[in-house]
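Single-structure report; data block below.
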Amino acid sequence: MIGTVKKHAKTSALRAFLSSEAAGGILLMAAAALAMIIANSPITEKYNDFLRLVIGPELTPKLGPMTIHLWINDGLMAIFFLLVGLEIKREFVDGHLSTWADRTLPMVAAAAGMIVPAIIYLAVAGGDPALHRGWAIPAATDIAFAIGVLALLGSRAPASLKLFLTTVAIVDDMGAVAIIAVFYTAELNIPALAAAGGIWFAMMMLNRFRVNALWPYLILAALLWYATLLSGVHATIAGVMAAFAIPFRRTLAAPDAEDSALHRLEHALVKPVAFFIVPIFGFANAGVSLAGTSFAALAAPLPLGIAMGLFLGKQIGIFTSVWIAVKLGIAARPSHASWLQVYGVALLCGIGFTMSLFIGGLAFTGPDQADDVKIGVLMGSILSAIIGYLILRFAAPQKIMSGGTI
């Protein structure tokens, strides 16, 4: 019957994704707080022993015995990157980044939001050549954490701001993936790299021949992960590469096609990633002991450079680039959002938690530097979250008149 609404219609992929990210972001905050509490409690050694527990065979001499910590960072996070890749592909093919007009503002904002933090980091920590590898740590935005904070504001944050934050974070993730692949790749194992290329080619051929069943792709994705692990390229890159090979059917101006392989896999992964993988990564990587930490230690070049890159670099880069793009007529400001609200969202982009910790673990492997990275990421992310939330909480909403916004 015309006008009848299906009571059991499924939520669209984007709305489900945003909803899960919001709830998952809050769970991530709780997991990170718990890790900090445990790391500064009498059971801190049990926490560290648990993460160092060896499970399974040695997969590659480069990594050594596979500990719980390695399985989380190199295994579970590959699934996280698979979801990131699926979201990127869907948004570029049939979503909010499908046209150049839609891409302009988030791409400009994300690029500036990666370049300026890196410059600030190098200005603070670049005096020590040993710290140069950390330039990319403050360049990332944690979409789950940022959306979680934004969700706490409810209707005070216009939907356009949530969409802007999400698209900037997606483009930001693309940049982070490229950085990991290019700048944090160890000595390459050419036969393993060739094997990874062959497996990915086989996945693309399945796509070409319109194989829509998921199980062949998932088997090959597991093999691609192992070959990438052996190759010297970080294994999580396999998740993104696998995502690009998953078939997707465009449904312009309509909900996602439920028979699309990408749609089915994305819906299957959203909740496990949001409610399990990202929080457990936060729990395994946020625990840092603050015993004996002084103000001088907090102001050391590495943690200070990361914190300032996240807190100052993100807000300066993103807000300034958006303002210039709008003033030059290159793009339009997010609808129904004031400039103060746009600035608040630019601050939230300084929450670099998950991806910043991940890149920090690739850049610095020594225990002292690893703790400095965690302290810097936590300082910058917490400052960005609190001040961004307060600005958005008390910012006056954009007035809407019959002739438009004022």
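The values are calculated or read from the model by the stated rules, or taken from the named source; none is laboratory data. None of the values given here were measured: they were computed from a predicted structure. A quick note on method: Cβ atoms are made from the backbone with ideal geometry, for glycine too, and the neighbour counts reach across all protein chains shown. Quick note on the areas: whole protein, heavy atoms, side chains included, nothing else; ligands and nucleic acids left out. Shrake-Rupley method; radii C 1.70, N 1.55, O 1.52, S 1.80 Å.
A few notes on this one:
- Highest-first arrangement of 313-325, 144-156, 361-373, where packing means the average Cβ count within 10 Å: 313-325, 144-156, 361-373
- Ranked from largest to smallest solvent-accessible area, with a 1.4 Å probe on the protein heavy atoms, TYR184, TYR389, TYR121, TYR226 come out as TYR226, TYR389, TYR184, TYR121.
- 27 Å Cα-Cα threshold exceeded, pairs from LYS62/LYS89; LYS46/LYS374; LYS89/LYS327; LYS89/LYS314: LYS62/LYS89; LYS89/LYS327
- Here the spin labels are modelled as points 7 Å beyond Cα on the Cα-Cβ line, and at TRP100 and ALA299 they lie 5.0 nm apart.
- Taking every protein chain into account, the 1.4 Å probe leaves TRP135 with about 70 Å² of accessible area, to the nearest ten.
- With all protein chains modelled, accessible area of LYS327 [1.4 Å, Å²]: 120
- Share of carbon and sulfur in the accessible heavy-atom surface of segment 259-406 [1.4 Å probe, %]: 70
- Highest mean packing first, where packing is the average number of other Cβ atoms within 10 Å per residue, the peptides 167-176, 215-224 line up as 167-176, 215-224.
- Translational D in µm²/s for the chain (Stokes-Einstein at 37 °C, 0.692 mPa s, Kirkwood Rh from C-alpha pairs): 150
- In this structure the amide hydrogen of THR67, modeled in the peptide plane, comes within under 5 Å of the amide hydrogens of ILE55, none closer than 5 places in sequence on its chain.
- Rounded FRET efficiency, nearest 0.05, which uses the C-beta distance separating ALA178 from ALA23 and R0 of 35 Å: 0.75
- Charge dipole (debye, nearest 20) of the chain; +1 at Cβ of Lys and Arg, -1 at Cβ of Asp and Glu: 1300
- Subtracting the Cα-Cα distance of LYS46 and HIS336 from 0.36 nm times their residue separation leaves 99.4 nm of extension gain.
- Accessible surface calculations at 1.4 Å, restricted to protein heavy atoms, place the chain at 45 Å² per residue.
- Segment 27-127, accessible surface, carbon-and-sulfur percent (1.4 angstrom probe): 74
- Loop exposure criterion: GluC sites (Glu not before Pro), DSSP state outside H, G, I, E and B, at most 14 other Cβ atoms within 10 Å. Applied to the chain, the longest stretch between such sites is 259-406.
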